[in-house]
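Below you'll find the structure, written out as structure tokens, and then a few comments.
The values are calculated or read from the model by the stated rules, or taken from the named source; none is laboratory data. Computed from a predicted structure; not experimentally measured. Neighbour counts are summed over all protein chains in view; Cβ atoms, including those assigned to glycine, are modelled from backbone coordinates with ideal geometry. Heads up: the accessible areas ignore ligands, DNA and RNA and are worked out on the full protein's heavy atoms, side chains in. Shrake-Rupley method; radii C 1.70, N 1.55, O 1.52, S 1.80 Å.
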Amino acid sequence: MTENQILDHNQVQHKIRRIAYQIAEVYLKDDRIILAGIANGGYTFAKELKKALSNIISSEIVLCKVTINKTNPLEPVITNLKPEEYKNCGVILCDDVLNSGTTLIYAVKHFLDVPLDRLKTAVLVNRNHKKYPVKADFKGISLSTTMEEHIEVQLDQKPYRVALK
């Protein structure tokens, strides 16, 4: 299987920094921001966003790990924060790749059970294969790919990279 590198380490860092600035513009006046990352890649992406955001704004930035069964998204979504910890806060739901939108839409559904200040989505790669009406409010790169192609995002170790397989 051939691999085409889409983004190298420096490009990934640049995309994360740019997304952090976009988030900062929207959430500048919020005292507390929740970065809710979908396990595993989305949570790693959220951790990198937190590092970048911490250099830009003084708001408290809280990481929330969101666990969803990707093969059966109707199972309950689990977060490591209690609902009262993100109630009336600004939440950014993060994932590394937005493919069909299934994972994001079911995660969004979970957060809609709690009153929030606002809910936005952030992804590093948007693949444009939507089954559901979910969009990325903040995205690093949009790719038009075939359904057979696979996007691999490596953020858990350096050098970071995004590749098409």
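The C-beta contact set for region 55-72 (first residue without any contact (Cβ under 8 Å) to a residue 40 or more places away in the chain and closer than 22 Å to Val26 by Cβ, second residue part of a strand (DSSP E or B) and open to solvent by less than 60 Å² (accessible area, probe 1.4 Å), distance under 6 angstrom, 6+ apart or interchain) comprises Ser59/Ile33; Ile61/Ile33; Val62/Ile34; Leu63/Leu35; Cys64/Ile34; Cys64/Ala36; Cys64/Thr79. Inspection of region 110-132 identifies no residue that is open to solvent by 70 Å² or more (accessible area, probe 1.4 Å), part of a helix (DSSP H, G or I) and over 19 Å from Lys50 (Cα atoms). Residue under question is Ser100, and the condition is that it be among the small types (Gly, Ala, Ser) and open to solvent by 60 Å² or more (accessible area, probe 1.4 Å); does it hold? In short, no.
As a summary of the residue check, Gln154 satisfies the conditions (1) within 15 Å of Gly41 (Cα to Cα); (2) within 13 Å of the chain's Cα centre (by Cα) except for the one numbered (2). For region 31-50, residues that are open to solvent by 20 Å² or more (accessible area, probe 1.4 Å) and in contact with a helix residue (DSSP H, G or I) (Cβ under 8 Å, 6 or more places away or on another chain) total 1. For residues in region 146-160 being outside any loop (DSSP other than H, G, I, E, B) and of a type in the set (A, V, I, L, M, F, W, C), which is surrounded by the fewest Cβ atoms within 10 Å (Cβ to Cβ)? So, considering only residues that are outside any loop (DSSP other than H, G, I, E, B) and of a type in the set (A, V, I, L, M, F, W, C), the one surrounded by the fewest Cβ atoms within 10 Å (Cβ to Cβ) is Ile151. Of the set (1) modelled with pLDDT of 95 or more; (2) surrounded by fewer than 17 Cβ atoms within 10 Å (Cβ to Cβ), all apply to Leu53 but (2).
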